[in-house]
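The values are calculated or read from the model by the stated rules, or taken from the named source; none is laboratory data. Keep in mind that this is a model prediction, so the values were computed, not measured. Here the Cβ positions follow ideal geometry from the backbone for every residue, glycine too, while neighbour counts run over all protein chains shown.
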């Protein structure tokens, strides 16, 4: 009997041991060390909670009076002063605290390390409780005690699967009452809310409510969102999950750029997740150097119309063709439509008409009837724009509404809208070369041979949407370290009796500085769906930022030459495993993005 | 001035150095060592070409007489005997040979290492020429001499970008004449064709043609296809590119499984590339353990109808819901439609009618007219099936035809077809619970509370297509080693004067055995589009294979419990970087899939 024959039956059974997140990779990442900032390092090398002291940094609310009126108790307490985490001088033993944690909104890589960090900060003398399925679980009181053994199983792994998440917003008096009941029933001393801008706004309101009700439970927010729009300059360069998501997308965009250059015929149109900000698109563009990347904030700022955008893109496609490059990658931020000036006007008009004539629109039997009803009620400019949209998009705008009766902007297939408009325009360039080529302003020089060749070229397009696959990947080394630090910070804040703060980490290049940002300091007043609301402001791409400038200064070169990078799959070992987002490094004016430094590395094994 | 201020301007300029495939990752992978089989190791540690000897292994053609009639010269020469690569006993210096190489068909990871391997085998005394843009470049004579410095730049990187590729088929006498002209003009002693089944079939025909024309140019094929359908049992366990593509897809499917379990509401429907075989889907299923994976070959073999398939899937969705799991991942092979018995009949009927009445169909003005014309010409069963398809799919079947006038099967959005059918069926289960729940055969036991809960559940679906992003990724360590070995083998074969073979490597678990497979031995006679053609047979999933059995034996458990794995991004360093495809390890009856062994590792720096 040969070796193979005798072992024949072993492999199938051995392979089954990988079930339930025990692939070779998953088992190995659980053992990876995590850097820990010095403020959490105890004398004996064990992890200890940090203490906090006030800094000189004070948040100036954009709407100070309104914010103070809305959050009087919290503002009186925090005075909007940023706290800094410091090493406890004489470690104080806090015991018997019960702290619950929930995930809110879409998953982001590193959530499980937040839990591990929390547990490590609370230690064995306090209790960590997990809230199942997000804010809904908080309302229903669906809590359980988290065991260290469970966390050792999920540390460094992706997703929010250990707790689950949901998108329930806590707004009504009844809901606040339910939160109170859960807190009292489970005798919670602290509640950690891991979420984006809306969830942290929620955290601020809950903190204020509990103070008013004289309930002694600390509320701490943790900045999560792959979109990267939850950030606060030097105090919080970025939210967690952004690094992993952008690196997953960069791997795929790099592969698609390679694919375009290999098959030498495709234009890959890639829509990237990110409801509002184009921060994901900017990071992926800097990582991969595509032919074209659209940045919504710039388009709104410069008032670039849809037609202008299409003309610009077709011009680049044509210039590349003149150089023999009939392929490329175009990055499109998911939220683009709302930033295109005339589309934004159309959507606003539609929302208004749809609200005013809800019943009419609903009851009119056919799409044609609805169109007949709608068109006269739009401005001429908007009506003309809508009539020129691809049929499916027009249909979607009229028929698909969200719970508030508004157009579902996020579902508009922007990439397909652009593809259709670009194909139309590119075909015009072929049909009327005299208008586009030759001498004279705005015209492209071309030889007769080039024009002949152009007639033989076709525009092969492929559309892609990169979204869900970036939310639940294994955290990069950076996100793994960042989230563990955020968990340690949040746990320390609760033990230090702080409430109404968001945990933050900065100085990613030199060991990590631990901060606590007063939630009220981040809040501003925005018009949302026609109503004034107190919300945490989204951090958008600034066209004055170093990261945007790095793109703007190089994009012409990337447009006209195939200079793309394929930055590869996320590495957890080896020389490429310690990178941070390039946009963050540029905007924070770090000297390096290839190696972050968030403290001394430790293999984390939680002990009971 | 602080350290940051003084360095402020360095980072943007430093970052620009990454342009054109010089990201940190790309620079690092170029330096990675590659295992080299002992037969290519010279006395001095340098790489040398292998020699070849006949084995006892003889390919029995399925259509021996027909093959011998079609390929008399080649068959007389190779006698369909498999050759084995051995270490040259007394190294013979072959010099002055000119060998050209082309990529054909879709990109696959590792193509650049094939070139590096070829160059290393040919050494500095022979010339490697690259053919630009695939077979079309061969016809046009678009060749250039490949420099070692160029290959050192692309070694271990992804895609076919260095040469480009296309899908031109060489079939007509004129085309063969053009191939001859190019060979004579460039004085080629060898031509290496890197491609899939069609391209290697082409290689066989070119080899025979050249022998007939008494032109002394060796033709060697190299088995490339991410689909994995180019394989020959123990002699060639798999084609190159499969490992990388399946690992890219497995990363994403694992992330989506995490995402489903985190958001606790989504069913992700994932269509996976693979025109015919379901080998990619099977590998990804074994890697990720999804709720459901459809294997086309099984569906055809068991004659499972579309409705039966939908019923089975909805049953699993319902059983999971009974256990509180309202989410999951469903894998769908791209080629599924053609394997569903009644769909396959419908497509055949349509192709026949569309061919017979081409003019009528084209000239009828509206879709409705075309439908009126088509329906009476189908069998009643097919007409009924087509009428029940989603509108867009029906439209696509009627309107979109390929160059041969056939239905474009690959463009049918199978995942959307399934989603629509499944939503319809799942809604029926909710509307008529009495038919599906309770006691009795085939019914699902449920408590009144469970049935109540079911009414509150909605089916949130997301569809994905994973394809292009898997073709041009950086080769895995396995594909990097495999392709370098294939290149070394092909180069050695040309130098040894062999023609009409395909380079192959086997015994991935013990150093790699180098083989040359007679192309004619792989050829069979198939009906393609109504005509008999001599082609290399596609290797499909066998339901009797260990890999399929490993899936079949475990799928019920994976269907009813969330036991998924998230095998993570491809690692090029660290403990997870040496895996091979699990399907290959199972079917080859290896004892391990975690560590391949293709020889001793060497950092490859080609020298002039």
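Observations on the structure shown:
- Of the helices (runs of 4 or more DSSP H) contained entirely in segment A:310-413, those carrying at least 3 residues that are closer than 30 Å to residue A:281 by Cα fall at A:336-339, A:341-356, A:380-387, A:391-399.
- Tally, over segment A:263-281, of residues that are modelled with pLDDT of 95 or more and over 12 Å from the mean Cα position of the chain (by Cα): 5
- Odd one out for residue B:592, checked against (1) under 30 Å from residue A:158 (Cβ atoms); (2) at pLDDT 95 or above; (3) within 14 Å of another protein chain (Cβ to nearest Cβ): (2)
- Within segment B:283-322, tally of residues that are under 17 Å from residue B:429 (Cβ atoms) and touching a helix residue (DSSP H, G or I) at 6+ places or on another chain (Cβ under 7 Å): 14
- Of all residues in segment A:265-285 being surrounded by fewer than 24 Cβ atoms within 10 Å (Cβ to Cβ) and assigned to a loop (DSSP other than H, G, I, E, B), the one that is nearest to the other protein chains (Cβ to nearest Cβ): A:265
- Residues of segment B:160-185 satisfying the condition of being part of a loop (DSSP other than H, G, I, E, B), more than 14 Å from every other protein chain (Cβ to nearest Cβ) and surrounded by fewer than 19 Cβ atoms within 10 Å (Cβ to Cβ): B:169, B:171, B:172
- Among the residues making up segment A:242-267, a single one is in contact with a strand residue (DSSP E or B) (Cβ under 6 Å, 6 or more places away or on another chain) and over 14 Å from residue B:469 (Cα atoms): A:265.
- Note on segment B:569-587: among residues that are within 8 Å of chain A (Cβ to nearest Cβ) and closer than 21 Å to residue B:279 by Cβ, the one that is surrounded by the most Cβ atoms within 10 Å (Cβ to Cβ) is B:570.
- Some residue of segment B:81-102 being under 26 Å from residue B:241 (Cα atoms), within 14 Å of another protein chain (Cβ to nearest Cβ), crowded, with 17+ Cβ neighbours inside 10 Å and touching a residue at least 12 places away in the same chain (Cβ under 8 Å): yes
- Of all residues making up segment B:535-550, the number that are more than 13 Å from residue B:296 (Cβ to Cβ) and either within 9 Å of another protein chain (Cβ to nearest Cβ) or assigned to a helix (DSSP H, G or I) (or both): 4
- Condition met for residue B:126 (in contact with a helix residue (DSSP H, G or I) (Cβ under 8 Å, 6 or more places away or on another chain), in contact (Cβ under 8 Å) with a residue 12 or more places away in the chain and within 13 Å of chain A (Cβ to nearest Cβ)): no
- Hits in segment A:465-478 (condition: facing another protein chain (nearest Cβ under 8 Å) and surrounded by fewer than 24 Cβ atoms within 10 Å (Cβ to Cβ)): A:468
- Looking across B:231, B:261, one residue alone is within 14 Å of another protein chain (Cβ to nearest Cβ) and either surrounded by 24 or more Cβ atoms within 10 Å (Cβ to Cβ) or under 30 Å from residue B:596 (Cβ atoms) (or both). It is B:261.
- Residue that is farthest from residue A:215 (Cα to Cα), among those in segment A:46-56 that are surrounded by fewer than 16 Cβ atoms within 10 Å (Cβ to Cβ) and in contact (Cβ under 8 Å) with a residue 24 or more places away in the chain: A:55
- Within segment A:365-387, the residues that satisfy the criterion of being within 34 Å of the chain's Cα centre (by Cα) and closer than 20 Å to residue A:411 by Cβ are A:382, A:385, A:386.
- Hey, residue A:564 within 14 Å of chain B (Cβ to nearest Cβ), crowded, with 17+ Cβ neighbours inside 10 Å and assigned to a loop (DSSP other than H, G, I, E, B) or not: yes
- Residues of segment A:425-461 classified as within 14 Å of chain B (Cβ to nearest Cβ) and buried (at least 18 other Cβ atoms within 10 Å of the Cβ), total: 1
- Only one of the numbered conditions (1) at the interface with another protein chain (Cβ under 9 Å from one of its Cβ atoms); (2) buried (at least 17 other Cβ atoms within 10 Å of the Cβ); (3) in a loop (DSSP other than H, G, I, E, B) is violated by residue B:598, and that is (1).
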